[in-house]
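Working notes, beginning with the structure itself.
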There are 2 protein chains.
Amino acid sequence: MSIRIALMGYGNLSRGVESAINQNEDLELVAVFTRRNPEGVKVRTAGVPVVSADEIEAWKDKVDVLVLGGGSATDLPVQTPKYASMFNVVDSFDTHAKIPEHFNNVDAAAKASGKVGIISIGWDPGMFSLLRMVSTAVLPEGNNYTFWGKGVSQGHSDAIRRIEGVLDARQYTIPVDSAVDAVRNSENPTFTARQQHTRECFVVAEEGADLARIEKEIVEMPNYFEPYDTTVHFISMEEMKANHSGLPHGGFVIRSGVTGFDKEHNHVIEYNLKLDSNPEFTGSVIAAYARAAYRLNKEGATGCKTIFDIPVAYLSSQSAEELRAHLL
Amino acid sequence: MSIRIALMGYGNLSRGVESAINQNEDLELVAVFTRRNPEGVKVRTAGVPVVSADEIEAWKDKVDVLVLGGGSATDLPVQTPKYASMFNVVDSFDTHAKIPEHFNNVDAAAKASGKVGIISIGWDPGMFSLLRMVSTAVLPEGNNYTFWGKGVSQGHSDAIRRIEGVLDARQYTIPVDSAVDAVRNSENPTFTARQQHTRECFVVAEEGADLARIEKEIVEMPNYFEPYDTTVHFISMEEMKANHSGLPHGGFVIRSGVTGFDKEHNHVIEYNLKLDSNPEFTGSVIAAYARAAYRLNKEGATGCKTIFDIPVAYLSSQSAEELRAHLL
């Protein structure tokens, strides 16, 4: 029997999870919940009902795991605890500073309901966190570095789109080659934001817009662009659609550490992702952790879990015996 | 109170574990057991007794985790089950084909004694297994590739040393650049052994030895060298000591997979290790899993565990709260 998964929301991330479910025989998409008018949502997988979020309680016994596709700013702080009181849930909460608070809220709700809530799943937080944590435990004396890109930052692209006179925008985050080389060479450098990443922006402006003013507003935008070397290219809508319609991303975490009684040996651990589709890869990670949520709860586990708390065997559709025989 | 660790044997790997213990404040080396004459073994850490393996039973209540530094061919198949009947144990058993049998033997012994036995810890098997397994679960449609090197293979170096007329030898395993590029480019190639790695040998021969015969014996050696393109360099003992005395190694595992309803998006996950000292890095991984063995057993777990079965939070000296706040 398949593990019955439902999605809350049907944006990029939820569609990425749907695509991943389609690739895993033991997972089945059974419903998409929406806060909009269900008739306006067309689900790609045949036969999957779209249901108003108001009616979700009626699905308590028909869904094994609910995946929350909402945003970390306002959706997930409310939704994850709320739905953990009815379902096993998985989210991709990524506001690093608020993770402890979010954990406590989800933990209380999931313990009360006897369900499992897995938070902060994806690639950062998510796979990158797993690698940072394991590598730090293995090489306790050293430094962690996280590089993002080359890839599209949706938050930075959105920030440009809010500028007056901008019709569309795509922002690429790019690691600085010399910074990457220094880390890989065990030089253990200290970086400012500017030294580690550059930002490249492709912008479609309204006809007759003041391009110099738009460029100035971008490069001087606090937090988003001011701390970085930013380049701005104005392009046509046709060029945007032809060359910048994908959502590729990636990045790498590096642990550079030493061993030996005299700390004489350097070691570099690098975990590197090159992703054609950020939402589909994130969705694939979430699908594997949805499997884990179901299994953990079936074995009696309850409460909030992070990627640090879950044996990786729970992620696989293969049995423990198969994993030992083929992947150890 | 520290976690009390003891070593069985005092070869390269055990000394790597000792070095790692020295870097972790919550771990303490309390004894080294040997099957040789204890008086012939000098331990680097001050005040650590060297004890005959025959007397190990008297240490049952004085050791929290026993690390087994022996070899997979003959030592560990006997030692790990034997000592799991007295102690929590960790080994680095690396005969992939015999892991299921070894698991079952250790599991039976550790369940009977109420202890935890963690097997096949290091980097391959070990960290590479963890990455292969997780990446396969996340990207179920794809291929795994493992490249080793550039680094010293101790098994291949030993094989050359057994040839008549050879005084010393060092063998480097080297990934083929074009093969690596093809995998990183999502080409999903199929390789013969020869296409994926080359072998480079540095050999010190006896004076007057038949170098052509030695070279022929190396490059034609079945399994070890015949399936590869092998180059042989004859060097002096001085050059060997000056340039080839370290034990660097490394390698990388790559998962190349697709997502999307039309499998239209490629993703590449790479985990890459560059290690100045193979035994010290392996020892560092083992030290972290020794911590896990102690904690798991303290919580009531018993039996054999692999890297797939253990939540990574158990590897760290930090609390779950600290990990969530700083590394998630």
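The values are calculated or read from the model by the stated rules, or taken from the named source; none is laboratory data. Note that the structure is a prediction, hence the values are computed from the model and not measured. Quick reminder, even Gly has a Cβ in these numbers, built from the backbone with ideal geometry, and neighbours come from all protein chains shown. For the accessible areas, the whole protein counts, side chains as well, though only heavy atoms, and no ligand, DNA or RNA atoms are used. Shrake-Rupley method; radii C 1.70, N 1.55, O 1.52, S 1.80 Å.
Observations on the model:
- Contact annotation: no residue pair with Cβ atoms under 7 Å, 6 or more positions apart or on different chains, pairs a residue in region B:157-172 that is over 16 Å from B:Glu200 (Cβ atoms) with a partner that is assigned to a strand (DSSP E or B) and among the polar types (S, T, N, Q).
- Residues of region A:272-308 classified as open to solvent by 10 Å² or more (accessible area, probe 1.4 Å) and β-branched (Val, Ile, Thr), total: 2
Listed here are the residues, each with its yes/no results for (1) more than 30 Å from A:Val138 (Cα to Cα); (2) under 28 Å from the mean Cα position of the chain (by Cα).
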| position | (1), (2) |
| --- | --- |
| B:Asp181 | no, yes |
| B:Thr190 | yes, yes |
| B:Val203 | yes, yes |
| B:Asn243 | no, yes |
| B:Pro248 | no, yes |
| B:Asn266 | yes, no |
| B:Tyr271 | no, yes |
| B:Val285 | no, yes |
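- Hits in region A:164-201 - residues which are under 24 Å from B:Leu275 (Cα atoms), charged (D, E, K, R) and in contact with a strand residue (DSSP E or B) (Cβ under 7 Å, 6 or more places away or on another chain): A:Arg184
- Candidates B:Ala242, B:Ala169, B:Ala159, B:Ala212 - the one that is hydrophobic (A, V, I, L, M, F, W, C), outside any strand (DSSP E or B) and either open to solvent by less than 20 Å² (accessible area, probe 1.4 Å) or on the phi > 0 side of the Ramachandran plot (or both): B:Ala159
- Checking each residue in region B:42-93 for being crowded, with 21+ Cβ neighbours inside 10 Å and of a type in the set (D, E, K, R) picks out B:Asp64, B:Asp91.
- Any hit, region B:116-125, residues being open to solvent by less than 20 Å² (accessible area, probe 1.4 Å) and either farther than 19 Å from B:Ala288 by Cβ or away from chain A (no Cβ under 14 Å) (or both): no
- Options B:Ala58, B:Ala110; residue that is among the small types (Gly, Ala, Ser), closer than 25 Å to B:Leu29 by Cβ and touching a residue at least 24 places away in the same chain (Cβ under 8 Å): B:Ala110
- Residue check, A:Lys111 basic (Lys, Arg), within 14 Å of another protein chain (Cβ to nearest Cβ) and open to solvent by 10 Å² or more (accessible area, probe 1.4 Å): no
- A:His96 meets the conditions (1) open to solvent by 10 Å² or more (accessible area, probe 1.4 Å); (2) of a type outside the set (D, E, K, R); (3) away from every other protein chain (no Cβ under 12 Å); (4) over 19 Å from A:Met8 (Cα atoms) in every case but one. The failed one is (3).
- Cβ-Cβ under 9 Å pairs, at least 6 apart or on other chains, region A:14-30 side more than 13 Å from A:Ser284 (Cβ to Cβ), far side polar (S, T, N, Q) and open to solvent by 10 Å² or more (accessible area, probe 1.4 Å): A:Glu25/A:Ser2; A:Glu25/A:Ser317; A:Asp26/A:Ser2; A:Asp26/A:Ser317; A:Glu28/A:Ser2; A:Leu29/A:Asn22; A:Leu29/A:Thr45; A:Val30/A:Ser2
- Given (1) surrounded by fewer than 21 Cβ atoms within 10 Å (Cβ to Cβ); (2) within 24 Å of A:Ala159 (Cα to Cα), index of the condition A:Pro311 fails: (2)
- Which listed residue, of B:Val219, B:Val203, B:Val232, B:Val183, is touching an Asp or Glu at 6+ places or on another chain (Cβ under 9 Å), open to solvent by 40 Å² or more (accessible area, probe 1.4 Å) and among the hydrophobic types (A, V, I, L, M, F, W, C): B:Val219
- Pairs where the first residue, in region B:183-211, is within 14 Å of chain A (Cβ to nearest Cβ) and the second is open to solvent by 50 Å² or more (accessible area, probe 1.4 Å) and in a loop (DSSP other than H, G, I, E, B), C-beta under 9 Å, 6+ apart: B:Val183/B:Phe191; B:Ser186/A:Asp276
- Within region B:277-328, the residues that satisfy the criterion of being free of Cβ contacts under 8 Å to residues at least 40 places away in the same chain, in a helix (DSSP H, G or I), more than 7 Å from chain A (Cβ to nearest Cβ) and under 21 Å from B:Gly117 (Cβ atoms) are B:Arg295, B:Lys298, B:Tyr314.
- Taken over region A:245-271, the criterion of being on the phi < 0 side of the Ramachandran plot, at the interface with another protein chain (Cβ under 9 Å from one of its Cβ atoms) and open to solvent by 20 Å² or more (accessible area, probe 1.4 Å) is satisfied by A:Gly246, A:Pro248, A:Val258, A:Phe261, A:Glu264, A:His265, A:Asn266.
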